[in-house]
Each structure stands twice: as C-alpha cells, then as structure tokens.
Amino acid sequence: MNTMTMSENVQVRAADPTTGFRRAAGAIALPLGFVCHLVCNVIYAWVSTESGLTDTEDLPQAYALYAAYPTPLVVCTFLVIVGGLLLIPGLLTALRIVRPARPRLGLTAVVLMLVGYISYLGISFTNFDTVTFATSVPEVASVVESSPWQAAPMPFFVLFLIGNLIGTLLFGLAVVLGGRKVGVPWWAGALIMCWTLGHIINIAGGGEWFAVGGGALQIAGCVVLCVRALRMPQTQWARLG
C-alpha cells in the first residue's frame, strides 16, 4: 500500500513538477490575502473612529478623510491591492478543495468573489489620485461632484459588493454543506460566513469594528482550508483537476 502511494507520488511529480509548489502557494495565499485586507480594515476603522469621517457618505467627507490621513490610507491601498492579487490563486485553491462536494455552489461562489475582488483592485487604484487631490486641491470635492463621469465606476462597485458579501456567504455555505466530504469541518464555513455578517452589521450602522471582527473570523476559517490543502496527498490533489 505504501509502495503504491510512493509510486503514484513519483508519477505525479514526473507529470507536473510544479504541483506541490502550486498547492502550497495557493493554500498560503488564501488566508494571507485576507490578512492584508484585515490590516487595511483595522487601519480604516482606526482613522474613521478617530476622525468621525467616512468615505461612504458624501464626497466632501470622503476627501476630508483622505486629506487628514493620507499616509495610512495609501498604506491601506497597497494592502488591498496586494491582498487582491493573492486572493486570485488563493480562491482557485479553495475552489479545488470544495469542488468535489459542492461543484456548482463552490464554482458560483468563487467566480463571484474573483469578479468582486478584481473589480476592487481597479477601484482601489483610484485612491492614489484621491489622496493627491485631497491634499493639494481644496475644491476637489465640488469639481468631482459636478463631473458627468462620476457614476461611471458604479457597476464595478456593485460587482465588488456582490462578490464580497454574497460570494463569500455562498462560499462559506459550500464549506458548511460539503466540507465533511472533503475533510474540512463545517464550522470553517461558518467562520468564513462571519465576514458577510460582520460587514452587514457595519453597513447597518454598527461600526467598522464589526467588519474587523468578521474579517478575523473569516481568516480563521480560511486557515482551516489552507491546512487541509497542505496536508492533502499529492496524488489526491492532482486528481482534483
């Protein structure tokens, strides 16, 4: 039995010598990408709580926030971009784990999340210009408000919200419903779903720290998936496609 396993492992490595690297890199990228976003959320919660300002109410308030905290918000932008890039291989690895048990639900969830976070990457790049204008052009809010192109990025904001909230909820549900079949405890999916719950409480007025708490629990759930991927035999991983 052990000889057969060793033989299969040799065959897998011979067929594709990058299998182990891709499995490990994708597994580690999953929680690490969300860690980057969590640090960003902590910074944003701090500056928002300290200043009483937010970038989601109106443009004058948003530009006032960026003018008051340019460096922390630039750091946030870098973290969002790095985290979003890490989540591309990370979410594909997560899909590979849940696909045997919940193929349609897992695929739908991960596609929504990927589309959402890729949209978030594009949205986030505008923050560099926002900081520049907020710190050097006092009347920038009124100029932007009068622009006929102000609403142009809205479809991508909608895609981000759908992927970020609904996609994450569906992915957590896929883990809850099918995790046992692929060696993942159901509560890992429940932890992942806490991001959606915490963020909705935040949007409803509970405060940014609920999003931070939900993000921390989501990372804990993703760590479980990461460990499962790292412990999975090479032959089993290769058979997942």
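The values are calculated or read from the model by the stated rules, or taken from the named source; none is laboratory data. The model shown is predicted, which means the values in this text are computed figures rather than measured ones. Every residue, glycine among them, receives a Cβ derived from its backbone with ideal geometry; neighbour counts consider all protein chains shown. The protein model used for the area step is the full one, side chains on, heavy atoms only, and it has no ligands, DNA or RNA in it. Shrake-Rupley method; radii C 1.70, N 1.55, O 1.52, S 1.80 Å.
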**OP:** Show me 167-177, 94-104, 195-205 ranked by packing, highest mean number of other Cβ atoms within 10 Å first.
**Re:** 167-177, 94-104, 195-205
Original post:
Does segment 46-180 come out rounded, prolate or oblate by the C-alpha gyration tensor, with a ≥ b ≥ c the root eigenvalues, rounded set by a/c under 1.5 and, if not, prolate when a/b is larger than b/c and oblate if not?
Top reply: prolate
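Please give the length that would be gained between residue 204 and residue 92 if that part of the chain were fully extended, namely 0.36 nm times their separation in residues minus their C-alpha to C-alpha distance (nm, one decimal). Before the final figure, lay out the partial values.
On the way: separation 112, 0.36 × 112 = 40.32 nm, distance 3.11 nm.
My answer for the length gained is 37.2 nm.
Calculated FRET efficiency, residue 82 and residue 231, Cβ-Cβ r, R0 35 Å, to nearest 0.05?
Details: r = 26 Å, r/R0 = 0.75.
Efficiency, from the Cβ-Cβ distance: 0.85.
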**OP:** Would you compute, from DSSP H runs of 4+ residues alone, the mean residue ellipticity of the chain at 222 nm, taking -39500 (n - 2.57) per run and dividing by the full residue count, rounded to the nearest 500?
**Re:** -26500 deg cm²/dmol
Original post:
Any idea how far apart residue 157 and residue 51 come out in nm if each label point goes 7 Å out from Cα toward Cβ?
Top reply: 1.7 nm
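Report, to the nearest whole %, how much of the accessible area of segment 112-207 belongs to carbon and sulfur atoms, 1.4 Å probe, protein only. Each step should come with its number before you reach the end.
Working: 3850 of 5160 Å².
Carbon plus sulfur share of accessible area: 75 percent.
Students sometimes get this wrong: rank 227, 140 by accessible area, probe 1.4 Å, all chains present, largest first. Mind showing how you got there, number by number?
Details: 227 55, 140 10 Å².
Descending accessible area places them as 227, 140.
Using a Förster radius of 25 Å, what is the FRET efficiency between residue 71 and residue 123 based on their Cβ-Cβ separation? Nearest 0.05, please. Show your work: numbers first, answer last.
Details: r = 20 Å, r/R0 = 0.80.
That pair, residue 71 with residue 123, gives E of 0.80.
Does segment 127-223 classify as rounded, prolate or oblate by the C-alpha gyration tensor (a ≥ b ≥ c root eigenvalues; a/c under 1.5 gives rounded; else a/b over b/c gives prolate, otherwise oblate)? Walk me through the intermediate numbers first.
Numbers: a/c = 3.28, a/b = 2.50, b/c = 1.31.
In terms of gyration-tensor shape, prolate.
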Original post:
Karplus couplings for segment 97-108 from phi (6.51 cos²θ - 1.76 cosθ + 1.60, θ = phi - 60°), rounded to Hz, Gly and Pro as x?
Top reply: 6, 8, 4, x, 8, 9, x, 6, 5, x, 5, 4
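Given Cβ point charges of +1 (Lys, Arg) and -1 (Asp, Glu) and nothing else, what value in debye, to the nearest 20, does the dipole of the chain about its Cα centre take?
Numbers: 12 positive and 10 negative charges, 360 e Å.
Dipole about the Cα centre, nearest 20: 1720 debye.
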**OP:** Using the heavy atoms of the protein chains and a 1.4 angstrom probe, tell me the accessible area per residue for the chain in square angstrom.
**Re:** 51 Å²
Original post:
So what is the relative contact order of the chain, in percent, for Cα pairs below 8 Å that sit 6 or more residues apart?
Top reply: 25 percent
Original post:
Against the longest alpha carbon principal axis of the chain, how many degrees, from 0 to 90 and to the nearest 10, is the axis of helix 186-201 turned?
Top reply: 10 degrees
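Mind ranking 40, 194 by accessible surface for me, highest first, 1.4 Å probe?
Working: 40 15, 194 35 Å².
The most accessible residue leads, giving 194, 40.
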Original post:
residue 186 versus residue 240, label points 7 Å from Cα toward the beta carbon: distance in nm?
Top reply: 2.1 nm
Original post:
So for segment 49-133, taking the charge dipole from beta-carbon charges (+1 Lys/Arg, -1 Asp/Glu), which of 62, 87, 74 sits furthest toward the positive end?
Top reply: 87
Subject >> Zone of residue 150's modelled label, taken as backbone nitrogen in segment 56-96 under 18 Å from a point 7 Å along Cα→Cβ >> reply: 56-67
Original post:
Counting alpha carbon pairs within less than 8 Å and at least 6 residues apart, what relative contact order, in whole percent, applies to segment 135-241?
Top reply: 19 percent
**OP:** Just the isolated ones, please: cysteines in the chain lacking another cysteine beta carbon under 4.7 angstrom.
**Re:** 36, 194, 222, 226
Original post:
Once the Cα atoms of helix 2-15 and of the chain are each reduced to a long axis, what angle between those two axes, in degrees from 0 to 90 to the nearest 10, is obtained?
Top reply: 50 degrees
